[in-house]
Amino acid sequence: MAEWGAAAGSVDEVLLASPRSFCAGVERAIEVVEQALRRHGPPVYVRKQIVHNTRVVADLRARGAVFVDELDEVPDGGLTVFSAHGVSPAVRREAARRRLPLVDATCPLVTKVHSEARRFAGRGDTVLLIGHAGHEETEGTLGEAPERMRLVPDLAAAETVQVDDPSRVSYLVQTTLAVDEAAGILDALRRRFPALAGPGSDDICYATTNRQRAVTTVAARSAVVLVVGSANSSNSRRLVEVAERAGARAHLVDDVSCVDLRWLAGATTVGVTAGASAPPGLVDEVVAALVALGAREVSEHPTVVEDVSFTLPKEVRQP
Ligand code: SF4
């Protein structure tokens with residue numbers, strides 16, 4: 001009760017970062033599974049989480065999606081969906097060998113990074129992938145040319161990574177990295193390898209960039225920022241870090257039940273955002289709770305309007 005009272009007495013204003021929540025790649029990936037369930041009926045096997053969000057996965061599981069870690073868990077003939085994060089060529093080959101019926105929900109912006117990896121490695125470069133170890137996206141991208149690619153997860157690695165020929169080096173970036181952090185790593189690589197080549201346009205995707213810019217604006221005016229998203233969502237975790245660098249105390253919450261009232265004590269202004277894989281409804285629940293605690297004003301703080309959409313794969317497209 002004391003915690004509730006302290007929070008209720010202080011929260012006055014809620015600042016909503018915009019854009020927030022679902023991006024075009026996540027909407028498409030969820031739609032792929034929904035359409036696959038509608039057309040073929042359950043079970044539909046999804047390799048890895050379709051997107052990194054607990055609620056999305058639970059909802060689809062309840063409707064007949066079966067999430068597996070690897071293809072050997074899929075029975076012969078089982079309709080299989082690749083997640084938004086993409087897969088390595090080895091996984092594609094295995095699916096083809098088993099003749100699994102397949103729908104690929106890889107985000108087109110991840111696919112673009114895979115093509116760049118093939119192009120750069122194909123011309124003989126050592127390809128430095130700035131990204132996080134163990135993330136499904138980086139594992140898939142590294143699989144395009146494992147012998148020619150090196151993962152650069154941080155500044156320390158940028159200072160020490162070895163290449164075969166310093167005149168033939170290129171870089172790629174995981175789509176969901178923090179823009180400022182990646183820029184620092186890239187600066188270090190450019191200093192060490194002046195001939196470093198890169199993708200024609202930025203690999204960090206529009207949705208990641210826009211959500212980071214939006215949360216920066218809101219965090220600068222907030223004591224606390226609540227970021228709705230799951231712990232395994234790279235995009236959401238980066239929003240927490242970016243908000244902290246902008247001066248707010250920031251917390252990642254899967255949903256409203258994860259909000260610790262002690263975080264809100266003494267905070268008159270609370271910022272709210274959501275990672276690209278977090279459903280908008282979860283944000284609404286957090287805002288409703290803050291209003292119930294006494295927030296008198298809820299305002300949107302748009303930094304850019306998004307109008308990106310991707311067509312569905314042909315296997316699940318409406319005729
Ligand atoms: Fe695609 Fe970017 Fe969304 Fe990832 S965060 S699914 S790369 S649009």
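The values are calculated or read from the model by the stated rules, or taken from the named source; none is laboratory data. Model, not experiment: these values are computed from the prediction. Neighbour counts run over all protein chains shown; Cβ positions are idealised from the backbone, glycine included. Accessible surface areas use protein heavy atoms only, side chains included; no ligands, DNA or RNA. Shrake-Rupley method; radii C 1.70, N 1.55, O 1.52, S 1.80 Å.
Mind listing whichever residues of the stretch 289-315 are open to solvent by less than 80 Å² (accessible area, probe 1.4 Å), assigned to a loop (DSSP other than H, G, I, E, B) and not β-branched (Val, Ile, Thr)?
Listed by number, the residues that qualify are Leu293, Gly294, Ala295, Glu306, Phe310, Leu312, Pro313.
Give the residues of the stretch 20-39 that are free of Cβ contacts under 8 Å to residues at least 60 places away in the same chain and more than 11 Å from the ligand (Cβ to nearest atom), sorted by residue number.
Residues of the stretch 20-39 that are free of Cβ contacts under 8 Å to residues at least 60 places away in the same chain, as a first pass: 30, 34, 37-38.
Of everything in the stretch 20-39, those that are free of Cβ contacts under 8 Å to residues at least 60 places away in the same chain and more than 11 Å from the ligand (Cβ to nearest atom) turn out to be Glu34, Leu37, Arg38.
Check Val218 against each of (1) touching a Lys or Arg at 6+ places or on another chain (Cβ under 8 Å); (2) open to solvent by less than 10 Å² (accessible area, probe 1.4 Å) and name the one condition it does not meet.
Val218 satisfies every listed condition except (1).
For Ala58, which of the numbered conditions (1) away from the ligand (no atom under 16 Å from the Cβ); (2) under 24 Å from Arg28 (Cα atoms); (3) surrounded by 14 or more Cβ atoms within 10 Å (Cβ to Cβ); (4) among the small types (Gly, Ala, Ser) fails to hold?
Ala58 satisfies every listed condition except (3).
So for the stretch 161-171 (the condition being farther than 23 Å from Arg191 by Cβ, open to solvent by less than 40 Å² (accessible area, probe 1.4 Å) and modelled with pLDDT of 95 or more), does at least one residue qualify?
For the stretch 161-171, residues farther than 23 Å from Arg191 by Cβ, open to solvent by less than 40 Å² (accessible area, probe 1.4 Å) and modelled with pLDDT of 95 or more: absent.
Could you tell me how many of the residues in the stretch 264-309 are among the aliphatic types (A, V, I, L, M) and in contact with a helix residue (DSSP H, G or I) (Cβ under 7 Å, 6 or more places away or on another chain)?
To start, the set of residues in the stretch 264-309 that are among the aliphatic types (A, V, I, L, M) comprises 264-265, 267, 270, 272, 274, 276, 278, 282-283, 286-293, 295, 298, 304-305, 308.
Subsequent filtering for residues that are in contact with a helix residue (DSSP H, G or I) (Cβ under 7 Å, 6 or more places away or on another chain) retains 264-265, 267, 270, 272, 274, 276, 278, 282, 286, 289, 293, 298, 304, 308.
Looking only at that region, the number is 15.
Quick one: Glu136 ticks every box in (1) surrounded by fewer than 17 Cβ atoms within 10 Å (Cβ to Cβ); (2) within 16 Å of the ligand (Cβ to nearest atom) bar one, so which box is it?
(1)
Going by the structure shown, is Gly131 more than 24 Å from Arg39 (Cβ to Cβ), away from the ligand (no atom under 16 Å from the Cβ) and not charged (D, E, K, R)?
Working: more than 24 Å from Arg39 (Cβ to Cβ): yes; away from the ligand (no atom under 16 Å from the Cβ): no; not charged (D, E, K, R): yes.
Spelling it out, it is not the case that Gly131 is more than 24 Å from Arg39 (Cβ to Cβ), away from the ligand (no atom under 16 Å from the Cβ) and not charged (D, E, K, R).
State yes or no: is Ser234 within 16 Å of the ligand (Cβ to nearest atom) and surrounded by 15 or more Cβ atoms within 10 Å (Cβ to Cβ)? Write out each step before concluding.
Working: within 16 Å of the ligand (Cβ to nearest atom): yes; surrounded by 15 or more Cβ atoms within 10 Å (Cβ to Cβ): yes.
In short, yes.
Let's see how each residue does on (1) in a strand (DSSP E or B); (2) closer than 22 Å to Phe310 by Cα; (3) not hydroxyl-bearing (Ser, Thr, Tyr):
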| residue | (1), (2), (3) |
| --- | --- |
| Pro42 | no, no, yes |
| Val46 | yes, yes, yes |
| Gln49 | no, yes, yes |
| Asp59 | no, no, yes |
| Phe67 | yes, no, yes |
| Gly77 | no, no, yes |
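Mind checking which pairs have a first residue in the stretch 172-183 that is within 12 Å of Gln212 (Cβ to Cβ) and a second that is assigned to a strand (DSSP E or B) and within 13 Å of the ligand (Cβ to nearest atom), Cβ under 8 Å, 6 or more apart or different chains?
Ala182/Val173
Any residue in the stretch 84-111 that's on the phi > 0 side of the Ramachandran plot: show its pairings with residues that are within 16 Å of the ligand (Cβ to nearest atom) and open to solvent by 50 Å² or more (accessible area, probe 1.4 Å) at Cβ separation under 7 Å, as long as the two are six or more apart or on different chains.
Gly86/Thr111
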